[in-house]
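J.: This is the structure I want to talk about, given as structure tokens.
The values are calculated or read from the model by the stated rules, or taken from the named source; none is laboratory data. In this text the structure is predicted, and so the values were computed from the model without any measurement. With ideal geometry, Cβ positions are generated from the backbone for all residues, glycine too; neighbour counts draw on all protein chains shown.
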Amino acid sequence: MTAANVNDITHLDPMVAALPAISGQPGRPRRKPDALQGDRGYDSEPHRIRLRAQGIAPVLARRRTPHGSGLGVSRWVVERTMAWLHRFRRLTIRYERRADIHQAFLSLGCILICWNYLKAPRRVF
């Protein structure tokens, strides 16, 4: 979490370094994703080079290109989840000064979203 007036691209490298291990399959857990998606705010050749050096394929939209980069096909999941989190008024506007309290409310919001998603009846076609 950062302040609202901080450019996101400055935190790309620490964010990738802080990714937790991905478990679930036999063997050593993976420490990095196959690809990283980002919007036009992340369009920077030095960042692309650093991601490729780590074995991560950068899927970043380029600036000054027409919309329709293809990122929207999978990005809508993130946008939808952010909209679900903004249903909780406490998360729409950050009232807490301490990051740990805000993180706790964010975790609680994610838990409630998962709970509501899992308890909803499934339609079988």
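J.: Filter region 17-41 down to residues that are out of contact with any helix residue (DSSP H, G or I) (no Cβ under 7 Å at 6 or more places or on another chain) and part of a helix (DSSP H, G or I) and give me whichever is surrounded by the fewest Cβ atoms within 10 Å (Cβ to Cβ).
T.: Here the answer is A17.
J.: So in region 42-68, with the set limited to residues that are of a type in the set (K, R) and in contact with a Lys or Arg (Cβ under 8 Å, 6 or more places away or on another chain), which one is surrounded by the fewest Cβ atoms within 10 Å (Cβ to Cβ)?
T.: R62
J.: With respect to H47, determine if the residue is closer than 22 Å to N7 by Cβ, touching a residue at least 40 places away in the same chain (Cβ under 8 Å) and not in a loop (DSSP other than H, G, I, E, B).
T.: no
J.: Now a separate question. Could we say that L71 is of a type in the set (A, V, I, L, M), at pLDDT 80 or above and surrounded by 10 or more Cβ atoms within 10 Å (Cβ to Cβ) here?
T.: Answer is no for this residue.
J.: Across region 87-125, what is the number of residues that are more than 26 Å from A4 (Cβ to Cβ) and hydroxyl-bearing (S, T, Y)?
T.: Number satisfying all stated conditions: 1.
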